[in-house]
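Written below as structure tokens is the structure these notes are about.
The numbers here are math on the coordinates, done by the rules we state, and not lab data. Note that the structure is predicted; figures quoted are calculated from it, not measured. In this analysis, Cβ positions are derived from the backbone assuming ideal geometry, glycine residues included, and neighbour counts consider all displayed protein chains.
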Amino acid sequence: MTMRTDDRRFWMVLDSGLRLGAAYAALVATLLAGAALRLAPTTREVLVGVVVAAGSVALTWAVSSGVAALGWAFYTGFAENRYGELTFAAADLLRLAILVTVAVLVARATAGPRRPRATAQTMAKAFATGRSDVRVHARR
């Protein structure tokens, strides 16, 4: 990830790995708080969905689906069942599908501009000049 000079003070917010870790920590905190407050399982399920959606903002679709899968595993293993036991009943698989769909939709809706790919012209220019720092420009 290349950052501009004015973005350096926000590097922790911009780093996707740190945001992924924060999403995982928020999932654990949400389920622990829900258990401590003795919230109904449906309420905890909705809270996990909200945390998955919030944690998927500006991540790639693949990473956000990982956030959803972990949210499903934590909810199914510790809120729906006991001792981390995962079950694959129809309701569990439907919950997984819903969480992954929400996470991917949020990630796609909040994704930044895509990185431009190298074209044949920029590759030829880099080869001809012997430089590997030739800028790649996106087609509009």
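Structure summary
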{"item": "Complete set of residues in segment 55-67 that are of a type in the set (Gly, Ala, Ser), touching a Gly at 6+ places or on another chain (Cβ under 9 Å) and buried (at least 24 other Cβ atoms within 10 Å of the Cβ)", "result": "Gly55, Ser64"}
{"item": "Boolean, Gly77 is out of contact with any Lys or Arg (no Cβ under 6 Å at 6 or more places or on another chain), farther than 20 Å from Arg108 by Cβ, crowded, with 16+ Cβ neighbours inside 10 Å and among the small types (Gly, Ala, Ser)", "result": "yes"}
{"item": "Candidates Leu70, Leu86, filtered to the one that is among the aliphatic types (A, V, I, L, M), free of Cβ contacts under 8 Å to residues at least 40 places away in the same chain and either in a helix (DSSP H, G or I) or surrounded by fewer than 20 Cβ atoms within 10 Å (Cβ to Cβ) (or both)", "result": "Leu86"}
{"item": "Some residue of segment 38-50 being outside any helix (DSSP H, G or I) and loosely packed, with under 15 Cβ neighbours inside 10 Å", "result": "yes"}
{"item": "Number of positions in segment 51-62 that are over 14 Å from Leu27 (Cβ atoms), of a type outside the set (Gly, Ala, Ser) and in a helix (DSSP H, G or I)", "result": "1"}
